[in-house]
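Notes follow once the structure below has been shown.
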Amino acid sequence: MTRSLVLAAAQLGPIQKAEGRDVAVGRMVRLMEKAHQRGAEVVVFPELALTTFFPRWYEEDISVADHWYESALPSNETAPLFEAARKYGIAFHLGYAEKTPDGHRYNTAAFVSPNGEIMLKYRKIHLPGHKDYDPIRKVQHLEKRYFEVGDLGFPVVRAPVAGQDVNVGMMICNDRRWPEAWRVMGLQQVELVMLGYNTPSLNMDNRGFEAHHLRVFHSHLTIQAGCYQNACFAVATAKAGTEDGHELFGHSIIVNPQGEIMAQATSWGDELIVAEADLGMCELGRTTIFNFAKHRRPEAYGRITGQVGSEPPAVWAPGR
């Protein structure tokens, strides 16, 4: 019996600092309606989909930024999104800033069933940027200030989606660049990885130069490699366009287990891309070249979990 799933990446254009959640949610509801018209069964929205990318601004008192966070899902402001999912029978992925009842702050994603149940939650682990104001940078990237390192690991759940069970997992933005994140989910037989991102078109670190065109190439490279090496599909959805004067590169994609791009966004605005995933494609890699039970050698990988920073190798000397 063929297992298939119609996947949609719901790219968002910029969300300006002055715009409220009602504006973002209204746009997402319209994308959900379009997804229904095109037969989508899962819709993936970007990282921090409800607000502008607020970590670009420094606040000495973090509590001043509390209005960017969600304390509950659904809330009065996000309820229309949940109502649209119920109306159209679509499961969706939502990236948002989370503040827990005990005061912890995370960059979070939730995978929600059409009836409003949160089937899986993920909190971003690989936080980029810095914690304190950096005068060298043209634009601040303060994720380490506004968010704690995620405490949920990289879970995979066998979730009921469109009348079938699908092994789903999530990561957020910078996580896609770390092969360990993909492999932990691959070891749980993940079939679908959902991820959202808000990635600038330029590297604002000012400690080196990264060519503009390589920003998109590196993003796609990591996703395509992750899918191929772990025999899974991925929906990678961007925030795009010029947000509060800062350009985000977009280029949302849907990728298959062979690492091929099945669909790609071509605008810097709100755009829906759709692809049908034959989940049976995951079996080829999982049972042949990436048959983990047959070929993995964890006894040789100790450095991966036992070491954080890189270390220089031993110096070769004659007679050693």
Number of positions in segment 162-202 that are open to solvent by less than 10 Å² (accessible area, probe 1.4 Å), more than 15 Å from the chain's Cα centre (by Cα) and among the polar types (S, T, N, Q): 1
Residue within segment 235-255 that is of a type outside the set (Lys, Arg) and assigned to a helix (DSSP H, G or I) present: no
Close pairs (6 angstrom Cβ cut-off, 6 or more residues apart or separate chains): free of Cβ contacts under 8 Å to residues at least 60 places away in the same chain and within 10 Å of Tyr106 (Cα to Cα) in segment 123-146, crowded, with 21+ Cβ neighbours inside 10 Å and hydroxyl-bearing (Ser, Thr, Tyr) anywhere: Arg123/Tyr106; Arg123/Thr108
Neighbours by Cβ (under 9 Å, 6+ apart or cross-chain): first from segment 34-57, touching a residue at least 24 places away in the same chain (Cβ under 8 Å); second in a helix (DSSP H, G or I) and among the acidic types (Asp, Glu): Pro55/Glu143
Strands (runs of 3 or more DSSP E) (entirely within segment 114-231) containing at least 3 residues that are under 30 Å from Glu59 (Cα atoms) and aliphatic (A, V, I, L, M): 164-172
Condition broken by Asp151, with the remaining ones in (1) charged (D, E, K, R); (2) farther than 27 Å from Glu276 by Cα; (3) touching a residue at least 60 places away in the same chain (Cβ under 8 Å) satisfied: (3)
Residue match in segment 273-285 (condition: part of a helix (DSSP H, G or I) and charged (D, E, K, R)): yes
Trp268, sole failed condition from (1) under 16 Å from Arg177 (Cα atoms); (2) touching a residue at least 60 places away in the same chain (Cβ under 8 Å); (3) not in a strand (DSSP E or B): (1)
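For every residue, the table says whether it meets (1) in contact with a strand residue (DSSP E or B) (Cβ under 6 Å, 6 or more places away or on another chain); (2) surrounded by 19 or more Cβ atoms within 10 Å (Cβ to Cβ).
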{"site": "Gly226", "(1), (2)": "no, yes"}
{"site": "Asn256", "(1), (2)": "yes, yes"}
{"site": "Thr288", "(1), (2)": "no, no"}
{"site": "Thr305", "(1), (2)": "no, no"}
{"site": "Val308", "(1), (2)": "no, no"}
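The values are calculated or read from the model by the stated rules, or taken from the named source; none is laboratory data. Remember, it's a predicted structure, so these values are computed and weren't measured experimentally. Methodologically, a virtual Cβ is constructed for each residue, glycine included, from the backbone with ideal geometry; neighbour enumeration extends over all protein chains shown. Calculation scope for accessible area: heavy atoms of the full protein, side chains included, ligands and nucleic acids excluded. Shrake-Rupley method; radii C 1.70, N 1.55, O 1.52, S 1.80 Å.
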